[in-house]
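Have a look at the structure below before the remarks.
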Amino acid sequence: MNKVTIYLAILLLAVSVFTACKQERKLPFYGERHAETVKDAAGVEKIDTVYQTIPAWSFLNQDSVITTNKATDGKVYVADFFFTSCTTICPTMHRNLMTVYNDFITNPDVMFVSHTIDFKYDKPHVLKKYAQKLGVDGPKWLFLYGTKDSVYTLAEKNYLVAVGEDSTAKDGYIHQGYLVLIDKDRRIRGAYDGTKADQVEQLKKDIPVLLAEYKK
Amino acid sequence: MRKYIINALLFISLVAIIVSCQNQETIDLQNYMSNGKDIYKAKCQNCHGENGEGLRQLAPPLTDSVFLKVNKSRLACFIKNGANESLVVNGKEYKEKMPAFPELADIDVAQVMVYITNSFGNKQGFVPYSQVSKDLENCK
């Protein structure tokens, strides 16, 4: 009798350990957050956490077509800031990002958005040529052109990526090489250094985790 | 008898000179290769890739031994002054501008050039830095 109880206890322990292990991984939320009182569907007031989101934007894409945040509706996307004449970190960033792009090329829920910070030279036709030469031309990977103000504000305030003009830098601009992962509700869910292969591998693992959140 | 000894000594010292010369060149090559690799990582790898594979149509690969051989005397100029002309590498045309690296001294250019021309499937051997200095004076 005693033996049976012990066996049962061990079995229960084993089961609970296994189920605990199966708990799904969830990506963190980045940026500022605040509590807000909201009404749920039944009209009951409750307090909820509101996370920082990417605001509405409107830029010209590589085909000189006005493109807004609507293009990313219902998709998770990876955003980054670069410029075409950059000889330092951008080629490495986009070399790595291209491998992510190729991994998710058949998944319609994943998009890529690259903003140029070279508002003087990187007009849409320059971006078009760059995209073609990179071999990724198409609506899945947007290359966006905007005014200095709009792009720089979006980078620093919303995507939390530092960018700037710097006459002492070799190519005239400085910026961080983050690949920022945005969910379908426009919240920041990850930032990966695009120049480091291991962080880019992590991004490849995290995109399916984020997509799984929306499958339930 | 004495003649034989003197001849033998001469012969031995000649052989020794040749052997030590080769050794010096091998040592130089190794030096250039290891320093050149560091410079490559810092200045070239971003665009040309870890294994010299290039970046699609944006940056040419460094694996075209024929191109490297034909343009051998111009390689130093490309490295130091960049390139602003269309180049055909591996049968493909590349039109993007390559930036200049004026901060590289002649010896740096020589080292990175020796590294590139003896890596990624290339095997052109050693080029002394005096030759590279001469090449650099004749840049267009």
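The values are calculated or read from the model by the stated rules, or taken from the named source; none is laboratory data. Please read these numbers as outputs of a predicted model, since none were measured by experiment. Backbone-built Cβ (ideal geometry, glycine too); neighbour counts: all protein chains shown. Areas reflect the complete protein model, heavy atoms only, side chains present, ligands, DNA and RNA absent. Shrake-Rupley method; radii C 1.70, N 1.55, O 1.52, S 1.80 Å.
Descriptive notes on the structure:
- When only the Cβ of Lys, Arg, Asp and Glu is charged (+1, +1, -1, -1), the dipole of region A:1-106 relative to its Cα centre reaches about 480 debye.
- For B:85-96, mean number of other protein chain Cβ atoms within 10 Å: 1
- Inverting the pair-averaged 1/r between distinct Cα atoms of region B:24-77 gives 12.4 Å as its Kirkwood hydrodynamic radius.
- Scattering profile of the protein assembly as shown at q = 0.08, 0.10 Å⁻¹ [log10 I(q)/I(0), Debye over alpha-carbon scatterers]: -0.56, -0.76
- Per residue, region A:54-213 exposes an accessible area of 39 Å² to a 1.4 Å probe, with every protein chain left in place.
- Modelled spin-label separation between A:S58 and B:V15, with each label point placed 7 Å from Cα along the Cα-to-Cβ direction: 8.7 nm.
- Peptides ranked, highest mean first, by Cβ atoms within 10 Å: ranges A:77-83, A:103-109: A:77-83, A:103-109
- Lysine pairs in region A:167-216 whose alpha-carbon atoms fall under 28 angstrom of each other, counting only those eight or more residues apart or on distinct chains, come to 12.
- Ranked by how many other beta carbons lie within 10 Å on average, peptides B:37-45, B:122-130, B:9-17, A:179-187 from highest: A:179-187, B:37-45, B:122-130, B:9-17
- Within region A:132-174, the residues that become at least 30 Å² less accessible when every protein chain is included than when their own chain is isolated (1.4 Å probe; DNA, RNA and ligands ignored) are A:K133, A:L134, A:K170.
- Note on the protein assembly as shown: dipole from Cβ charges, positive end direction compared against B:S13, B:N71, A:T67; the farthest Cα belongs to B:S13.
- In region B:30-78, the residues that give up 50 Å² or more of accessible area when the other protein chains are added, compared with the chain on its own (1.4 Å probe), are B:N46, B:L55, B:R56, B:L58.
- Nitroxide proxy distance, nm - points 7 Å out along Cα→Cβ at B:A100 and B:N71: 1.8 nm
- For region B:2-137, averaging the sequence separation of C-alpha pairs within contact (under 8 Å, six or more residues apart) and dividing by the residue count gives a relative contact order of 26 percent.
- Most positive-pole-ward Cα, A:A197, A:G135, A:S167, against dipole of region A:115-216 from beta carbon charges: A:G135
- Shape of region A:1-150, Cα gyration tensor, a/c cut at 1.5: prolate
- Cα gyration tensor shape for chain B, rounded if a/c is under 1.5, else prolate or oblate: prolate
- Chains B and A together bury roughly 1200 Å² of accessible area, counting both sides, with a 1.4 Å probe on protein heavy atoms only.
- In region A:54-213, the DSSP beta bridges split such that about 60 percent are antiparallel, to the nearest 5.
- Percent carbon-and-sulfur accessible area, the protein assembly as shown, ignoring ligands, DNA and RNA, probe 1.4 Å: 57 percent
- Environment charge of B:L136, counting only residues whose C-beta is closer than 10 Å and scoring Lys/Arg +1, Asp/Glu -1: -1
- Multiplying the residue separation of B:S86 and B:S133 by 0.36 nm and subtracting their alpha-carbon distance yields 14.4 nm.
- For region A:54-213, the relative contact order comes to 30 percent (Cα pairs under 8 Å, sequence separation of at least 6).
- Chain A, dipole about Cα centre (Lys/Arg Cβ +1, Asp/Glu Cβ -1), debye to the nearest 20: 540 debye
- Of the beta bridges in the protein assembly as shown, as assigned by DSSP with both residues counted there, near 70 percent are antiparallel.
- Most to least packed among A:86-95, B:52-61 [average Cβ atoms within 10 Å]: A:86-95, B:52-61
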